[in-house]
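The values are calculated or read from the model by the stated rules, or taken from the named source; none is laboratory data. Small disclaimer: the values here were computed from a predicted structure and weren't measured. Ideal geometry is used to build each Cβ from the backbone, glycine not excepted, and the neighbour counts take in all protein chains shown. All accessible areas refer to the heavy atoms of the entire protein, side chains included, with ligands and DNA or RNA removed. Shrake-Rupley method; radii C 1.70, N 1.55, O 1.52, S 1.80 Å.
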Amino acid sequence: MDDDIKKEIRKMALQNAFEHDGQTQDKIILGKILGTKPEFRTKVKEISEVISEIVALVNQLSSEEQQSEIEKEFPELLKPKEKVEEKEGLPDLPGAEQGKVVTRFPPEPNGYPHIGHAKAAIINSEYAKMYGGKFILRMDDTNPEAERMEYHAAIKVGLEWLGIQFDQVKSTSDDMEVFYEKGKELINSGKAYVCTCKRDEISKNRRERKDCKCSFDDIEKNNKNWDKMNEKFKPGEAIVRFRGDMKADNAVMRDPVLFRIIDEKHYTVGDKYRIWPSYDMAVAIEDSIDGVTHAFRSKEFELRKELIDAILDALDMRKPYQGFFSRLEFKGMPISKRIIKPLIEEGKVSWYDDPRLPTLEALRRRGVKPEAIRKFIMSLGLTKANTLAPFDALEAFNRKFVDATSKRLFMVSHAKKLTVNNLSLTAVEIPNHPVNDMGKRKIEIDSGFYISGEDAETIKEGMQIRLLGLGNVSITKVGSEFEGDFVGDGDTTNIPKIQWVSEKNAHEIKMIIPKTLFNGEEFNEDSLEELDVYTEPHYLQLKEGEEIQFVRFGYCRKDSQNQAIFTHK
Ligand SMILES: [Zn+2]
């Protein structure tokens, strides 16, 4: 064994010991060495002996001695650790300079924001944070046909709920004059032309990789046609096309659309404009003039990268770095408007906040915490493989947030009546959380109780059950109603320990249980279960929107005084 490796082992041992009250262990150091120095994997026996010797020596040192050796020999170990947690999952940005990174989130206000939007917003905003840069929200509103103020507002509300902050907020339609100026520049340099072919002719030419007759028009004619687009031409009769390459393998490059005519009223600028830039034109120009250095969007736009670069090259404008990430969807919870809208119209789904949907409003209503969404998305990182995550994956993150703060309450479904005789207590106090100090609640009781139907099925005459927080009951009668004698504190081993609700103050609510919306391609007709259940009166004291755990049932969110939504187990 050479001295370098011995030094490395000593360094690891000192560091580990120092972090763990002065003691380290052979197997921890062995693991670290084999992890970082694969060449030793075939020499485990030899290296183990060396480790064992060094660890024994290091463990004999006092913490002070360990610290002074680290200070002298390995001062790099004492430097404050960088905030690795924030970077979790996200790789470094190419060509990024601290303080100079500009990213943006450019949603189109043509629908309600969903988990896919959350991913784009979070990744772009995390990158700006990572580099102390600037983050822009840009409403990409250049298709008045599809866009509405309603969606614009919903996106802003959703982002606010996610806790995402922007350094600048703008709309793409703010820059219409810039688009016109750049469009004319392209026409005047012969890099764009007005095409008046019919739609199917354009598609045919694209398929056959042939130029159309308009592409031979001179600049003067193109300028005249551009003016006509403002008045004479009807929507669909003329478009401006970028002179790409009709022979290109990337179909996006086959003379794509830069501008088209839309006569619909725009939700903020009204009917001031009728020539609107296409998505590619808008993104190219906006990212460049907004100073965006790194533009991330989802993978389905990957083929458009070449076009966006080509537009900016043709205009001699600055090009941002373009990165891509996979789309995020939950299994059985489609995000597409084409799928969700008809379900709402047919009444199969109540609205965009229906808890079966992956919209931000629905997730919030279901009891998913924004912090959990952020952690979940960061855990996925920047993988390009498409993510069709099971909803459970998000649940695991959410559980960590709701568990600590959710009050535990009793709720029974398919209630059965239980009469308890010889009960002298008139009230009982039960802690709101098993571990955290979240106070207690007092429940008034008499002989009448409700227990859940599921528990009732397992109860036989003569056996004892434990009513949680109250005491044991010896069952004397079973059937459509149950009866028993109060025993008090008794042996609780091997007897059912069940929740209950006092009949005299039981509060009836509707429990909404969302399930997977689609099984494969098929709509799940049983995707929403509704139960009439009894809960304790304390439910009425909870704030609307508060997350609770119904004991032995799962986490739920209070939707109203009369309705709760099941979040997850
Ligand atoms: Zn044409």
Query raised in the report: Where the Cα atoms of the stretch 374-431 are projected onto their three principal axes, how long is each span, largest first, in whole Å?
Result: 66, 25, 10
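Report, in listed order, any pair from K477/K497; K331/K369; K400/K543; K191/K272 with a Cα-Cα distance greater than 24 Å.
On the way: K477/K497 18 Å; K331/K369 19 Å; K400/K543 21 Å; K191/K272 26 Å.
In this structure, K191/K272 lie more than 24 Å apart at Cα.
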Report summary line: Kirkwood-based Rg/Rh on the Cα set of the stretch 447-569 evaluates to 1.04
Report summary line: Rounded to the nearest 10 degrees, the helix 219-230 long axis (Cα) sits at an angle to the longest Cα principal axis of the chain of 50 degrees
Query raised in the report: Using the heavy atoms of the protein chains alone and a 1.4 angstrom probe, what is the accessible area of the stretch 3-78 per residue in square angstrom?
Result: 62 Å²
Requested in this report: In Å³ and rounded to a whole number, note down the convex hull volume per residue for the Cα atoms of the stretch 1-134.
Outcome: 177 Å³
Query raised in the report: Over the stretch 128-190, one equal point on each Cα, no solvent: what is log10 I(q)/I(0) by the Debye formula at q = 0.22, 0.28 Å⁻¹?
Result: -0.97, -1.18
Query raised in the report: What does the accessible area per residue of the stretch 407-568 come to in Å², with a 1.4 Å probe and no ligands, DNA or RNA counted?
Result: 48 Å²
**Report entry** Hz values of 3J(HN,Hα) by residue in the stretch 442-451 - Karplus curve (6.51, -1.76, 1.60), Gly and Pro given as x
**Finding:** 9, 10, 7, 9, 9, 6, x, 9, 10, 10
Report summary line: dims of the stretch 318-362, Cα set, principal axes, largest to smallest, nearest Å -> 48, 20, 16
Report summary line: For K234, the aspartates and glutamates lying under 13 Å Cα to Cα, once residues fewer than eight places off in the same chain are dropped, come out as D263, E264
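Report, to the nearest whole %, how much of the accessible area of the stretch 328-405 belongs to carbon and sulfur atoms, 1.4 Å probe, protein only.
That fraction is 55 percent.
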Report summary line: Per-residue ellipticity at 222 nm attributable to helices in the chain (runs of n ≥ 4 DSSP H, -39500 (n - 2.57) apiece, nearest 500 deg cm²/dmol) works out to -10500 deg cm²/dmol
Report task. Return the aspartates and glutamates within reach of K72: Cα separation strictly under 19 angstrom, same-chain partners fewer than 8 residues apart disregarded; answer none if there are no such residues. Result -> D3, D4, E8, E19, E64
Requested in this report: For K45, list the aspartates and glutamates whose Cα falls under 14 Å from its own Cα; do not include residues on the same chain fewer than 8 positions away.
Outcome: D26, E53
Query raised in the report: In 5 Å bins starting at 0, how do the alpha-carbon pair distances of the stretch 395-470 split up by percent?
Result: 3, 12, 18, 20, 17, 15, 9, 5, 1, 0
Query raised in the report: Sorted by mean Cβ packing within 10 Å, highest first, what order do the peptides 448-456, 374-382 take?
Result: 448-456, 374-382
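Report, please, the projected area of the stretch 3-78 averaged over directions, based on the convex hull of its C-alpha atoms, in nm².
Numbers: hull surface 18.5 nm².
Average of the hull's projected areas for the stretch 3-78 equals 4.6 nm².
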Query raised in the report: Over the Cα atoms of the stretch 102-325, how large are the radius of gyration and the largest Cα-Cα distance (Dmax), in Å?
Result: 17.8, 52
Report summary line: Once both label points are put 7 Å beyond Cα along the C-beta direction, the N223-N505 separation in nm becomes 8.4 nm
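Once you have the alpha carbon radius of gyration of the stretch 352-496, what is it after dividing by 2.2 N^0.38 Å, with N set to its residue count?
Details: Rg = 21.1 Å, N = 145, 2.2 N^0.38 = 14.6 Å.
Taking the Cα Rg and dividing by 2.2 N^0.38 Å, one obtains 1.45.
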Query raised in the report: What angle do you read, to the nearest 10 degrees and between 0 and 90, between the alpha-carbon axis of helix 63-73 and the longest principal axis of the chain?
Result: 20 degrees
Query raised in the report: Any number yet on Rg/Rh for the stretch 52-193, C-alpha, Kirkwood?
Result: 1.28
Query raised in the report: Under a 1.4 Å probe, what is the accessible area of the stretch 102-325 per residue, stated in Å²?
Result: 43 Å²
Query - Largest to smallest principal axis extent of the C-alpha atoms in the stretch 191-234, angstrom - result: 30, 22, 13
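Which pairs in the list K184/K224; K224/K265; K7/K37 are over 23 Å apart, alpha-carbon to alpha-carbon?
On the way: K184/K224 11 Å; K224/K265 25 Å; K7/K37 14 Å.
Those over the limit are K224/K265.
For the stretch 209-337, what is the convex hull (Cα atoms) projected area averaged across all directions, in square nanometres?
Numbers: hull surface 42.2 nm².
Taking a quarter of the hull surface, the average projection is 10.5 nm².
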**Report entry** Between helix 149-162 and the chain: long-axis angle, C-alpha atoms, 0 to 90°, nearest 10
**Finding:** 50 degrees
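Give me the percent of the accessible area of the stretch 407-568 that comes from carbon and sulfur atoms, probe 1.4 Å, all protein chains in place. Mind dumping the intermediate values first?
Numbers: 3340 of 7820 Å².
Answer for the stretch 407-568: carbon and sulfur cover 43 percent of the accessible area.
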Report summary line: re the stretch 516-558: pairs of Cα atoms spaced beyond 12 Å account for a percent value of 72 percent
Query raised in the report: Given the convex hull of the Cα atoms of the chain, what is a quarter of its surface area in nm²?
Result: 37.8 nm²
